[in-house]
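*Asks:* Take a look at the following structure, please.
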Amino acid sequence: MAAFGAFERMMAFRYLRARRQEGFISVIAWFSLLGIALGVATLIIVMAVMNGFRAELLGRIVGLNGHLTIYAQQGAFTEFDAVAGRVRRVADVLSAAPLVEGQVLATANGVSSGAMVRGMRPADLRARRLIADNLRAGTWEDFDGDEVVAIGSRMAQRFRLAIGDQITLISPQGNVTAFGTTPRMRAYRVAAVFEVGMFEYDSSFVYMPMPAAQIFFRLGAGVTGVEVMVRDPDRLAPMRRAIGEAAGTDVRLFDWQQANASFFGALQVERNVMFLILTLIILVAAFNIISSLIMLVKDKSRDIAILRTMGAARGSILRIFLMAGASVGAIGTIAGLVLGVAFCANIETIRQWLQSLMGWQLFPAEIYFLSRMPAKMDPVEVAYVVAMALTLSFLATLYPSWRAARLDPVEALRHE
């Protein structure tokens, strides 16, 4: 503002205050301001929700499934303890835990559904903070033995199960008898109920002690694989070689990026497309600034001519209209920034209020996987959105301001 004199500032803000005969111009200016504010706020909110959605999904997916799994090339993995010990010594590896995994049909109280059984040692399962810190019923001390399981809260709700109730698991690999193949099934007692906040896991995952899972899936002393947790899952690719060398040659590696490549790739594409589409809101508002300033210049042509004849330089006229247009953009950007940040900070409260007001779910967990709406603002992205809005607003003022500065006072007064 130091480049603008007191005279230019006074005239610019005077032109922004509409009088009765200039009401239509002021309406356009107000709509321009509102459009920029909504565009900036919407961009900040959408980017924050997309970032939060990715972070929450990533945290739950890799927090529950591990960052990388080591499988045997063929058959059951029998040398898992030796492999896990060597992998734990690799730099930035947090843990390596053996795992038994298999699909089953779960049934209880007349309800049946497919489920994923994961057998882990109780100590390894308690080390998974995402599960251990989100216990809703029961205790981990009871999670021991051959006849206990831990299930998700949504599975417990759908199957109408409580602590101590029985759930029957049916393996797709049946028992071969003289009369044909019969299903292999076994009843387990529910010892714990967890809730990680992701619909898929809370509704279909069943945890049991690893020895019980080995018996149920007839793996003997073997396991399905070894799950590895690293310090930074986004930097797993450079670590694959070191982990592979530590694990040995007769294994194969499968990481979270391979397992979820299409999902996170689609999420990134959707995020980029939403950014481009919502940028158009700011662009349209910038065009409104152009139109309002052009109309203001036309309406104030006589005033401009008088100012020129009184000695005002073209630079002063240019700065007056630059300030008038840029003020609309700056105020709109600041208002949008405040609105967007406030909305993101209270997005879950707003969602709950809208749901109670309208009577239907805005963010169903069955579709979006998460039980709450996430929002994670990136300061760099917020600064980029603000800078882009200010730049577009400033560029929108250049042509009308140049046109005002080039106005011939003689011609303007002659046409009055």
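Throughout, read-outs are computed from the coordinates displayed, never taken from laboratory work. Not measured: the values here are computed from a predicted model. Because the Cβ atoms are built from the backbone with ideal geometry, glycine has one as well, and the counts that use them run over all protein chains shown.
*Asks:* Ranked by Cβ crowding within 10 angstrom, fewest neighbours first, how are Thr107, Thr224, Thr333, Thr249 ordered?
*Replies:* Least to most surrounded, the residues fall as Thr249, Thr107, Thr224, Thr333.
*Asks:* What is the distance, in nm, between label points placed 7 Å from the Cα along the Cα-to-Cβ direction at Ala132 and at Gln352?
*Replies:* With each label placed 7 Å out from Cα toward Cβ, I get 2.9 nm.
*Asks:* Then there is this: Largest first, please: the extent of the C-alpha atoms of the range 59-105 along each principal axis, to the nearest Å.
*Replies:* Principal-axis extents of the range 59-105 (Cα, largest first): 39, 29, 14 Å.
*Asks:* To one decimal place, what Kirkwood hydrodynamic radius in Å is obtained for the range 79-179 from all pairs of distinct Cα atoms?
*Replies:* 16.0
*Asks:* Roughly how many nanometres apart are two label points built 7 Å out from the Cα toward the Cβ at Ile277 and Asp81?
*Replies:* Using points 7 Å along Cα→Cβ, the separation is 5.6 nm.
*Asks:* Sticking with this structure for a sec: Using 0.36 nm times the number of residues separating Arg184 and Arg235, minus their current alpha carbon distance, what extension gain do you get?
*Replies:* Here the answer is 14.2 nm.
*Asks:* Explain nothing, just compute: Karplus ³J(HN,Hα) = 6.51 cos²θ - 1.76 cosθ + 1.60, θ = phi - 60°, for every residue of the range 200-208 in order, whole Hz, x for Gly and Pro.
*Replies:* For the range 200-208, the Karplus-derived couplings read 4, 6, 5, 9, 9, 9, 10, 9, 9 Hz, x marking Gly and Pro.
*Asks:* Mean Kyte-Doolittle of at least -0.5 plus a Cα span of 24 Å or more along the axis: flag which DSSP H helices in the chain meet both, please.
*Replies:* Membrane-span-like by this rule: 23-65, 261-299, 314-345, 379-405.
*Asks:* A follow-up question, please. Convert 20 °C to kelvin, take the viscosity as 1.002 mPa s, use the Kirkwood radius over C-alpha pairs of the chain as Rh, and evaluate the Stokes-Einstein diffusion coefficient in µm²/s, rounded to a whole number.
*Replies:* 81
*Asks:* For Ser112 and Glu381, what is the calculated FRET efficiency with R₀ set at 35 Å and r taken between the beta-carbons, to the nearest 0.05?
*Replies:* Calculated transfer efficiency: 0.15.
*Asks:* Order of Ser356, Ser203 from fewest to most other C-beta atoms within 10 Å?
*Replies:* Arranged by neighbour count, lowest to highest, Ser356, Ser203 become Ser356, Ser203.
*Asks:* Okay, moving on. Once amide H atoms are built 1.01 Å from N in the peptide plane, which residues 5 or more positions from Asp92, or in another chain, come under 5 Å H to H?
*Replies:* When sequence neighbours closer than 5 places are left aside, there are no close amide H contacts.
*Asks:* Subtract the Cα-Cα distance of Tyr71 and Glu245 from 0.36 nm times their separation in residues, and report this length gain in nm to one decimal.
*Replies:* 61.3 nm
*Asks:* Another question, then. Under 15 Å from a point 7 Å along the Cα-to-Cβ line of Leu267: which residues of the range 47-89 have their amide N that close?
*Replies:* Flagged as within label range: 47-67.
*Asks:* Also: So what is the 222 nm mean residue ellipticity for the chain from helices alone, if each DSSP H run of at least 4 adds -39500 (n - 2.57) and you divide by all residues, rounding to the nearest 500 deg cm²/dmol?
*Replies:* After summing the helix terms and dividing by residue count, I get -18000 deg cm²/dmol.
*Asks:* I would also like to ask the following. Can you work out D for the range 237-323 in µm² s⁻¹ from Stokes-Einstein, where Rh is the Kirkwood radius over C-alpha pairs, the temperature is 20 °C and the viscosity is 1.002 mPa s?
*Replies:* Answer, rounded: 112 µm²/s.
*Asks:* Using Cβ contacts closer than 10 Å as the measure, can you line up Ser292, Ser112 from fewest to most?
*Replies:* Listed from fewest to most nearby Cβ atoms, that is Ser112, Ser292.
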